[in-house]
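The values are calculated or read from the model by the stated rules, or taken from the named source; none is laboratory data. Source: prediction; values computed, not measured. Quick reminder, even Gly has a Cβ in these numbers, built from the backbone with ideal geometry, and neighbours come from all protein chains shown.
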Amino acid sequence: MSVLRFLMLLALIVWIGGIIFFAFVVAPSLFAVLPSPDLAGRVVSRSLSILHWMGLISGAVFLLGSLVYNRIQHANPRLFSPVHWLIAAMLVLTAISQFGITPALRRSRAALTLGNVSSGELMQRISAARLRFDHLHTWSVRLEGGVLVLGLVAVALTAGRFSDS
């Protein structure tokens, strides 16, 4: 039982801690230290993809551990418990960000560096690409914030669950 609790807590720590560290340390530091916003953006993009994979794996580990824990502790996996709904929502938001928003952000950033076109056309394309990038970035931040809030609630529910054991 303690191994399952350890794995479940570790999964939440890795996922939520990673989001907090990324948002408050990694991203701001990169933009402050690296010589260009483009370079910082490329490093942030790569780091965010790694963070998403950590979250997807952590979510799967948590769900599997929780189902087994419930089966042993309560003779029922409690598939539709509130914490499972929260983790499932976190997984969905993370998947949307990883497989939808992040690739679109990369395409928008690539469109900001256009080749051989007239200066007027270049400005129009850059302006449109910048608007699209900003819109996608806003959604990316919202999704990560949603995962963080849901994760904090999941931590609280999990802590309460273990104090009852």
Among (1) crowded, with 18+ Cβ neighbours inside 10 Å; (2) within 22 Å of ALA110 (Cα to Cα); (3) among the β-branched types (Val, Ile, Thr) - the single one VAL43 does not satisfy: (1)
If ALA75 satisfies all but one of (1) surrounded by fewer than 13 Cβ atoms within 10 Å (Cβ to Cβ); (2) on the phi < 0 side of the Ramachandran plot, what's the number of the condition it fails? (2)
Selected residue (only one of GLU144, GLU121 is over 24 Å from the mean Cα position of the chain (by Cα) and in a helix (DSSP H, G or I)): GLU121
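Could we say that LEU112 is buried (at least 18 other Cβ atoms within 10 Å of the Cβ) and not polar (S, T, N, Q) here? Break it down stepwise before answering.
Numbers: buried (at least 18 other Cβ atoms within 10 Å of the Cβ): no; not polar (S, T, N, Q): yes.
In short, no.
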GLN73 fails exactly one of (1) part of a helix (DSSP H, G or I); (2) within 30 Å of ALA159 (Cα to Cα); (3) in contact with a Leu (Cβ under 6 Å, 6 or more places away or on another chain), namely (3)
All conditions in (1) out of contact with any Ser or Thr (no Cβ under 8 Å at 6 or more places or on another chain); (2) more than 22 Å from GLY145 (Cα to Cα); (3) touching a residue at least 40 places away in the same chain (Cβ under 8 Å) are true of GLN73 except (1)
Test ILE13 against the stated conditions and say whether it is farther than 23 Å from LEU112 by Cβ, in contact with an Asp or Glu (Cβ under 9 Å, 6 or more places away or on another chain) and either surrounded by fewer than 13 Cβ atoms within 10 Å (Cβ to Cβ) or modelled with pLDDT of 95 or more (or both). no
